[in-house]
Amino acid sequence: MSNSAIAVSGLRKAYGDKVVLDGIDLDVPAGTIFSLLGPNGAGKTTTVNVLSTLITADGGTVRVAGHDVATEAKAVRAAIGVTGQFAAVDELLTGQENLQLMVDLNGIPDQAGKRTVTELLERFELVEAAHKPASTYSGGMRRKLDLAMTLVGNPKIIFLDEPTTGLDPRSRRTMWSIIRDLVADGVTIFLTTQYLEEADQLADRIAVLDQGRLVAQGTPHDLKRQIPGTHVRLRFANGSQLGAAARLFPDSTQDDETLTLRIPSDGGTKSLRVLLDRLDEYGLAADEFSVHTPDLDDVFLALTGHTTEVVAK
């Protein structure tokens, strides 16, 4: 696809007799956030390593930023940035010196380099800490500095490998905001994460990898709708109305204490209209009405047989 930042077809990788990636197909549109999920050993890191030219594939085709990773690795590297799970900052250097080091490595001229350092320190709210050693930075500050260093080369595509691991909730949300801003500027993000809430909040599309194969792809909403468990929750004013409604829907679950009724549903407008029309037909009205869908934890467990506690690198 012409609008693809990353296009993968039939990607295979094995180490001896162990097949790590078994025919992976991916398409990541430019300017979006794509999240790859999977349990330990699923092949997430191997996928990122192939896409970022760190290792070679055994089969299939991979194009990143329009370039073939096998034959145009240098062009791929010029278009991407990689931020690993652990901040790759030099703790003996200050924040400003870390950024200046990246400017020098990228061969950016003096004046342009100084502007780049100043702009990144301001963008990531590191101005006050600019002249302090990175060893004094909090975890959140180090992650911000690490990502700022990645941006020195102005990459079109950024691979983020568990960017918020170990951060407190406030720092995590700050990183989310930064990631969204990058995408708003046209950057494409390829994200691996051990936090399903993070994928749910950020990703335009998600792929679930298990034992080297993709078991599902789609938007977070699409994936949730694939899993049984979506239901309509109705709360009634009194027990008699609750009981009458329960008799209309034999598959429902009644809770007398909370005066609520759970009715299995696909959550679509057509089925909701049928449900409400049936209540109206019998003169019943709920005080509260809501649709509940499975979350990504439910999706992950259903697709891989694992809980989210093992979603890691």
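The values are calculated or read from the model by the stated rules, or taken from the named source; none is laboratory data. Keep in mind the model is a prediction, meaning the values are calculated, not measured. Here the Cβ is made from the backbone with ideal geometry for all residues, glycine too, and neighbour counts use every protein chain on show.
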| note | Scanning segment 196-220 residue by residue, those over 22 Å from ASP181 (Cα atoms) and of a type outside the set (A, V, I, L, M) turn out to be ASP210, GLN211, GLY212, ARG213, GLN217, GLY218
| query | What tally of residues in segment 11-38 results from selecting those that are closer than 30 Å to ARG180 by Cβ and surrounded by fewer than 21 Cβ atoms within 10 Å (Cβ to Cβ)? | reply | 6
| remark: Of those in segment 122-150 that are under 22 Å from THR45 (Cβ atoms) and more than 19 Å from the chain's Cα centre (by Cα), the residue surrounded by the most Cβ atoms within 10 Å (Cβ to Cβ) is MET149
| Which of the residues spanning segment 52-91 are within 19 Å of GLY186 (Cβ to Cβ), buried (at least 20 other Cβ atoms within 10 Å of the Cβ) and aliphatic (A, V, I, L, M)? | VAL64, ALA65, VAL76, ILE80, VAL82
| task | Name, by its number, the condition in (1) at positive phi; (2) not assigned by TED's automatic domain parsing to the domain that holds LEU160 that does not hold for ALA65. | result | (2)
| request: Output the number of residues of segment 154-172 satisfying the condition of being modelled with pLDDT of 90 or more and at negative phi. | output: 6
| query | Give me the pairs: first residue in segment 121-140 and within 17 Å of THR164 (Cβ to Cβ), second residue among the polar types (S, T, N, Q) and surrounded by 14 or more Cβ atoms within 10 Å (Cβ to Cβ), beta-carbon distance under 6 Å, and six or more apart or on different chains, which are they? | reply | GLY140/SER171
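Name the helices (runs of 4 or more DSSP H) wholly within segment 10-128 that hold at least 1 residues that are touching a helix residue (DSSP H, G or I) at 6+ places or on another chain (Cβ under 9 Å) and not β-branched (Val, Ile, Thr)? Talk me through it step by step, then tell me what you get.
Values: elements: 44-51, 73-79, 95-105, 110-123.
Result: 44-51, 95-105, 110-123.
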| note | Reported set for segment 99-121 where residues are closer than 23 Å to TRP176 by Cβ and crowded, with 18+ Cβ neighbours inside 10 Å is LEU99, LEU120, LEU121
